[in-house]
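Trainee: Please find one structure pasted underneath; my questions will follow.
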Amino acid sequence: MKAIVIREFGAPEVMRLEEVATPEPGPGEVLIRVKAVSVNRTLDLIVRSGRYATPVQLPHVLGVDPSGVVEALGPGVSERKVGDRVVTMQFLRPPSPTTPPAIIGVHGWGGYAEYVKVPAALTRIIPQGVDFPTATVVARHAPTAFSLLRDTAQLKSGEWILVMGAAGGLASAGIQVAKYYGAKVIAAAGADERVNAALGLGADHGINYRRQDLEAEVKRITDGQGVNVVFENISDPELFPKAFACLSRLGRLVTAGAHGGGTVPLDAKSLYLKQLTVFGTFGKVLPADLELGLQAAAEGRYRVLIDKLFPLASAADAHRRVDARTGTGKVILQP
């Protein structure tokens with residue numbers, strides 16, 4: 001099969017299209033002919049550069065969220081059949097109190113290839129009417145958004161939430177999950193077109209934090225109260241303290257991202273005087289949440305933002321586009 005293989009860390013040029021052996025599914029595994037896989041800033045660009053937080057073994061094939069068609073079954077697989085349209089959940093091993101997760105495309109070969117083998121238990125059927133790029137984006141972000149907002153932040157109906165980087169993959173999922181739970185959503189992004197995209201997903205208000213005073217606008221919208229929850233998955237040293245300042249008393253900030261740098265100032269005085277809480281978590285990827293997201297997409301109640309589709313051979317160009325931050329929505333490879 002053809003695959004994009006990394007044999008050294010570095011710039012996008014280290015990714016090369018090669019002929020490699022097609023994997024054989026082992027016990028409990030399925031072989032998927034890949035139809036779509038997304039390009040992610042941390043789990044693809046950072047891994048490729050060699051700056052990921054945990055070791056990555058070379059040679060390596062990226063791609064944490066492949067979707068496609070089941071081509072072969074390993075011994076003992078009964079829950080899937082050849083021809084099934086499936087999407088994958090990315091945790092080969094979920095996080096524990098003492099260990100980080102093991103992830104498809106990071107700790108095992110992923111979906112930047114014509115075929116990928118995964119445990120059958122990590123696959124879910126794609127409903128009719130949902131295409132492969134949409135299914136890939138839903139699987140990548142919807143379960144995490146459900147976990148972070150429902151379970152970690154414990155977002156409640158009627159509460160205010162500020163979603164930062166609102167046209168990004170996880171943030172756009174967060175907007176829709178927050179509306180599902182009855183929250184009032186303020187979407188903040190760094191360009192007018194991204195703010196408008198977030199409003200199109202159901203956000204109640206939008207703020208361009210590059211040309212507007214974020215805290216002042218949030219206080220104006222909320223009649224001076226601030227927001228109950230901040231969904232902040234950027235960790236930019238300039239933006240993080242501004243978002244943190246938008247929290248009301250007993251507010252909660254939840255984060256599962258750091259592509260903006262990761263080291264940020266923290267106003268400890270506000271932290272204790274306002275009794276604020278900051279949660280850092282990978283989130284859980286629960287099958288029921290993925291199925292809920294896929295069904296909502298099939299019914300037109302959950303939408304994804306897709307910027308551009310690239311063929312597998314153009315993986316380097318896809319990485320450059322994501323790195324340039326010029327588009328709105330996810331970049332997708334189609335092997």
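Trainee: Output the residue which, of all residues in the range 226-272 that are in a strand (DSSP E or B) and of a type outside the set (A, V, I, L, M), is surrounded by the most Cβ atoms within 10 Å (Cβ to Cβ). Let's see the steps before the verdict.
Mentor: Taking the range 226-272 first, the residues in a strand (DSSP E or B) are 227-231, 247-255.
This time we only want the ones that are of a type outside the set (A, V, I, L, M), so: 228, 231, 248-249, 251-252, 255.
On the way: Asn228: 23, Phe231: 33, Ser248: 18, Arg249: 12, Gly251: 25, Arg252: 21, Thr255: 22.
Taking the candidates together, the pick is Phe231.
Trainee: Scan Ile103, Ile32 and give me the residue that is β-branched (Val, Ile, Thr), over 25 Å from Ala298 (Cα atoms) and outside the structural domain of Thr255 (by TED's automatic domain parsing). Even if it seems obvious, please write down each step before you answer.
Mentor: Details: Ile32 fails: over 25 Å from Ala298 (Cα atoms).
Selected residue: Ile103, the only one of Ile103, Ile32 that is β-branched (Val, Ile, Thr), over 25 Å from Ala298 (Cα atoms) and outside the structural domain of Thr255 (by TED's automatic domain parsing).
Trainee: Moving on. Which members of the range 180-199 meet the condition of being among the hydrophobic types (A, V, I, L, M, F, W, C) and either part of a helix (DSSP H, G or I) or surrounded by fewer than 18 Cβ atoms within 10 Å (Cβ to Cβ) (or both)?
Mentor: In the first step, residues of the range 180-199 are kept if they are among the hydrophobic types (A, V, I, L, M, F, W, C); the result is 183, 185-189, 191, 195, 197-199.
The answer is Ala191, Val195, Ala197, Ala198, Leu199.
Trainee: Considering (1) more than 16 Å from Lys330 (Cβ to Cβ); (2) buried (at least 18 other Cβ atoms within 10 Å of the Cβ), say which one Thr144 fails and leave the rest.
Mentor: (1)
Trainee: Given the options Lys184, Lys156, Lys179, Lys219, name the one that is charged (D, E, K, R), within 16 Å of Asp289 (Cβ to Cβ) and in the same structural domain as Thr255 (by TED's automatic domain parsing). Working first, answer last.
Mentor: Numbers: Lys184 fails: within 16 Å of Asp289 (Cβ to Cβ); Lys156 fails: within 16 Å of Asp289 (Cβ to Cβ); Lys219 fails: within 16 Å of Asp289 (Cβ to Cβ).
Only one candidate passes the filter, namely Lys179.
Trainee: If a residue has to be closer than 14 Å to Glu159 by Cβ and either part of a helix (DSSP H, G or I) or in contact (Cβ under 8 Å) with a residue 40 or more places away in the chain (or both) to count, how many in the range 200-225 make the cut?
Mentor: Residues that pass the stated criteria total 4.
Trainee: Within the range 157-179, work out how many residues are surrounded by fewer than 20 Cβ atoms within 10 Å (Cβ to Cβ) and either at pLDDT below 95 or assigned to a helix (DSSP H, G or I) (or both).
Mentor: Count: 1.
Trainee: State all residues of the range 22-40 that are under 17 Å from Leu312 (Cα atoms) and out of contact with any Leu (no Cβ under 8 Å at 6 or more places or on another chain); if no residue qualifies, say none.
Mentor: Ile32, Arg33, Val34, Lys35, Asn40
Trainee: Return the residue satisfying two criteria in turn: it lies in the range 43-77 and is surrounded by fewer than 20 Cβ atoms within 10 Å (Cβ to Cβ) and at positive phi, and of such residues it is nearest to the chain's Cα centre (by Cα).
Mentor: My answer is Gly50.
Trainee: Name the single residue, out of those in the range 109-139 being in the same structural domain as Val77 (by TED's automatic domain parsing) and either in contact with a His (Cβ under 9 Å, 6 or more places away or on another chain) or of a type in the set (Asp, Glu) (or both), that is surrounded by the most Cβ atoms within 10 Å (Cβ to Cβ).
Mentor: Only one residue fits best here, namely Gly110.
Trainee: Here's something else I'd like to know. Looking at Leu276, Leu239 in this structure, which one is more than 23 Å from Ile32 (Cα to Cα) and more than 21 Å from the chain's Cα centre (by Cα)? So that I can check it myself, show each step before the final result.
Mentor: Working: Leu239 fails: more than 21 Å from the chain's Cα centre (by Cα).
Among Leu276, Leu239, only Leu276 is more than 23 Å from Ile32 (Cα to Cα) and more than 21 Å from the chain's Cα centre (by Cα).
The values are calculated or read from the model by the stated rules, or taken from the named source; none is laboratory data. All of these numbers come straight from a predicted model, not from anything done at the bench. Cβ: placed from backbone, ideal geometry, glycine included. Neighbour counts: every protein chain shown.
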